[in-house]
Structure formats: structure tokens, C-alpha cells
Amino acid sequence: MYDFLIVGAGISGAVFAHEVHKAGKKCLVIDSRGTIGGNLYCENIRGIPVHCYGLHILQTDDRRVWEFLNSFGKFVPCRERVSEKQYEGVPEKGYTQIIRKLLKDCDVYLNTDYNSLRKEKPDIAKKVFYTGRLDEYFGEEYGRLVYELHSYETELRFQKHYQKHMKEKVRGKNAQIIEHKYLTGIYDKKHTPFTVITKESWGKNLKDGVPGMLENTEKNRMLFRKYRMLAGKEKRAIFGGRMFHEGSYGIDEAVRDAMILAEKYA
Ligand SMILES: Cc1cc2nc3c(=O)[nH]c(=O)nc-3n(C[C@H](O)[C@H](O)[C@H](O)COP(=O)(O)OP(=O)(O)OC[C@H]3O[C@@H](n4cnc5c(N)ncnc54)[C@H](O)[C@@H]3O)c2cc1C
């Protein structure tokens, strides 16, 4: 039996797994997607790190978080941004290699959904660390939460540049094009004759996609708070990650909170 079943191989699950493993706990990490990293998943396409779920820039005043992440992979400045935070950057080789290092001593099952696993193997672990949607954990007991959905389409283009800036809005649509080469400028200097772009579209009526922000209506916020109350009473699981928060929730907060929870429960 595992000490912890960690639902979600995003940054929250990976940091939690790493920290409790360090304290001697045996962990199984699962993710319903076929990749690790959650929304931070990056692919290396012809040497260019591609943020497959949209640009993710770490901006923080928290030195502990900055040093922790930098100990797993070097962060470099982002070219087109000036942050008010003390530390800012993106991993030179993308986030996936950092997540891989965080998870290296844990068992990881991908394409594995918690809702199926808990039916098949309810006693697989003593405790669950859950970073998925709250409504799904509770079988939508009070109804389904509404999230803005994001979809992403990545394309390799055989041209030096596709557009003039890192991010450009598509006129008249809830969409933008990201050109990854611009992110740090490192790959731009290599004068590669190709580039990689991602079209990011968002809205609550997309057919499917990755949940982003909770829709900001009174009804939806009240529903979310009801699920938070249920989560507070749940003995079997510890809840964390961005889906446990109502507003925006950055990478730095995810790392910091996962560390705090790991310290508390390990
Ligand atoms: C559009 C957008 C842009 C952002 N940009 C930035 C930025 O520039 N800088 C910044 O600091 N933050 C940014 N963020 C926030 C950042 O994405 C989060 O802070 C971070 O990814 C949170 O990681 P997480 O592990 O909590 O969640 P996630 O990355 O969402 O990981 C959760 C994982 O759990 C898995 N999962 C869910 N349910 C189940 C289930 N039932 N069974 C198995 N697995 C399951 C999911 O597949 C997912 O992989 C952005 C967020 C969005 C939506």
C-alpha cells in the first residue's frame, strides 16, 4: 500500500510527491493526461522549448520557491516582459524536465483517471493528495462548476518568424498566437529557418479544453464555496493545486503551498 496517492502530475502534485518522498513516504502519482507537468507541460520541438498549454512565466518574490525550482533546472529571463516581482524567468529547457526530476523516485501512472482508479482500487493508498476539479471529486453532488475552457493547437512552421511579437491577439476572436522562439531570445539568435507557434483559444462554450479560470458569476462562486466546505470535511484527501482556488493561482503559489502541505502531512 502506498502512503500517498497523488492525483495530478502538475507542479502541485510533483512538488508534494517530491517532498513527502524525501520524508520517507511511498507515493503513486497519477494523471488522466498522457503527460506529466499538467498545464506546465512543455515539448522540445527542434530545439525550441514549447509551452504546450500556453506561456507560463514564473514571477515571484519568494526566494525559497525561486531557489527550489532553480535547483532542478536553470531559469533564464523572459525577453518581452518586465516584472514587478523580484524573480522572473522561464526554464531554459522547459518545465517538463523539472517535473521529471521532481517525480524521479515516485511511481507514475499516466492516462489514469482517479474516478476509475478509486472504484477499482479504493485501498491503494493511505491518503490522497488531490489536485483535480472539486465538483468531479464529489461526483457533481451539487452540480457542475463552469470554467472558461482553453484549447491549444501547436504547429511547426518553415519560416524564420511567424509574427512580430511573442504573443499576438487574433482580431475579433477569443484567441491569441504564441510564437515560442521569442520567449527568451536564445533560439532566435540561432537563426533557425523554422519556428513553432501555438494558437490558444478560450471561452466557456468550447467543445472541450483545459479548464482555466472559474466563471465569475455569483451562482458559480457559491457552488465552488459549497464544494470547498465539503472538501474541508473530507478525511481521506488533502486538496491542493490551482483547482482548489477561486481566483488566479500562480506557479509560485502552487510550489509554496505544496511544500507547506507536504511539511504538514509527511
Ligand atoms: C491560461 C493560463 C495561463 C497561466 N499562466 C501563468 C503564468 O504565466 N505564470 C504563472 O505563474 N502561472 C500561470 N498560470 C497558472 C499555472 O498554470 C498554475 O499555477 C499551475 O499550472 C498549477 O499547477 P497544478 O499542478 O496545481 O495544476 P495543473 O497544472 O492543472 O495540474 C493538475 C493535473 O491534475 C490532472 N487531473 C485532474 N483531474 C484528474 C483526475 N480525476 N484523475 C487524474 N488526474 C487528474 C490534470 O490532468 C492535470 O495534469 C496560468 C494558468 C492558466 C489557466
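Can you tell me how segment 64-114 classifies by the Cα gyration tensor, rounded, prolate or oblate, using a/c under 1.5 as the rounded cut? Walk me through the numbers on the way to the answer.
Values: a/c = 2.61, a/b = 2.16, b/c = 1.21.
Taking the square roots of the gyration eigenvalues as a ≥ b ≥ c, segment 64-114 is prolate.
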*Reachable lysines, given that their alpha-carbon falls under 28 Å from the alpha-carbon of Lys126 and they are not under 8 places away in the same chain*: Lys22, Lys25, Lys26, Lys101, Lys104, Lys226, Lys233, Lys235, Lys264
*asked:* Going 7 Å from the Cα of Phe194 along its beta-carbon direction, which residues of segment 147-178 have the amide nitrogen within less than 17 Å of the resulting point?
replied: 154-163
*Grab the Cα-Cα distance for Glu246 and Asp113, subtract it from 0.36 nm times how many residues apart they are, and report the gain in nm with one decimal.*
45.6 nm
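Given +1 on the Cβ of Lys and Arg, -1 on the Cβ of Asp and Glu, and no further charges, what dipole in debye does the chain carry about its Cα centre, rounded to the nearest 20? Provide the component values of the computation, followed by the final result.
On the way: 46 positive and 36 negative charges, 51 e Å.
Using only the charged Cβ atoms, the result is roughly 240 debye.
Given 0.36 nm per residue, what is the gain on full extension from Met1 to Arg228 after removing their alpha carbon distance, in nm?
On the way: separation 227, 0.36 × 227 = 81.72 nm, distance 2.80 nm.
Full extension from Met1 to Arg228 adds 78.9 nm.
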_Degrees between helix 11-22 axis and first principal axis of the chain (Cα, 0 to 90, nearest 10)_ = 60 degrees
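Within 12 Å, Cβ to Cβ, of Met243, how many net charges do the neighbouring residues add up to if Lys/Arg are +1 and Asp/Glu are -1? Could the numbers behind the result be given before it?
Values: positive: Arg133, Arg228, Arg242; negative: Asp135, Glu136, Glu246.
Net of charged neighbours comes to 0.
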*For the chain, with the dipole built from +1 on Lys and Arg beta-carbon atoms and -1 on Asp and Glu ones, taken about the Cα centre, which of Ala266, Tyr41, Val20 lies farthest toward the positive end?*
Tyr41
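Residue separation times 0.36 nm, minus the C-alpha to C-alpha distance between Asp62 and Lys173: what's the value?
Details: separation 111, 0.36 × 111 = 39.96 nm, distance 3.58 nm.
Once the chain is fully extended between Asp62 and Lys173, it gains 36.4 nm.
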*Nearest-ten-degree value, helix 251-265 long axis tilted from longest Cα axis of the chain*: 20 degrees
*What is the local net charge at Lys226, summed over the other residues whose Cβ is closer than 15 Å to its Cβ (Lys, Arg +1; Asp, Glu -1)?*
0
*What is the distance in Å between the Cα centres of segment 195-241 and segment 123-194?*
15 Å
_Test item: Cα-centred dipole of segment 37-125, Lys/Arg +1 and Asp/Glu -1 on Cβ, debye_ = 200 debye
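For n ≥ 4 DSSP H runs only, could you compute -39500 (n - 2.57) per run for the chain, divide by its residues and tell me the 222 nm figure to the nearest 500?
Values: 7 runs with 69 residues, N = 266.
Rounded to the nearest 500, it is -7500 deg cm²/dmol.
Kindly provide the GluC sites (Glu not before Pro) of segment 52-143 that DSSP labels as loop, not H, G, I, E or B, and whose Cβ sees at most 16 other Cβ atoms within 10 Å. It would help to have the intermediate numbers written out before the result.
On the way: sites: Glu67, Glu80, Glu84, Glu88, Glu92, Glu120, Glu136, Glu140, Glu141; in loops: Glu80, Glu84, Glu92, Glu140, Glu141.
Qualifying residues, ordered by number: Glu80, Glu84, Glu92, Glu140, Glu141.
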*What FRET efficiency would be calculated for the residue pair Glu218, Arg157, taking the C-beta separation as r and a Förster radius of 41 Å, to the nearest 0.05?*
0.40
*Ranked highest first by average number of other Cβ atoms within 10 Å, how do 154-163, 197-206, 2-11 line up?*
2-11, 197-206, 154-163
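Read-outs: derived from the displayed coordinates by stated rules, not from any lab. These figures come from a predicted structure and were not determined experimentally. So basically every Cβ, Gly included, is an ideal-geometry build from the backbone, and we count neighbours across all protein chains shown.
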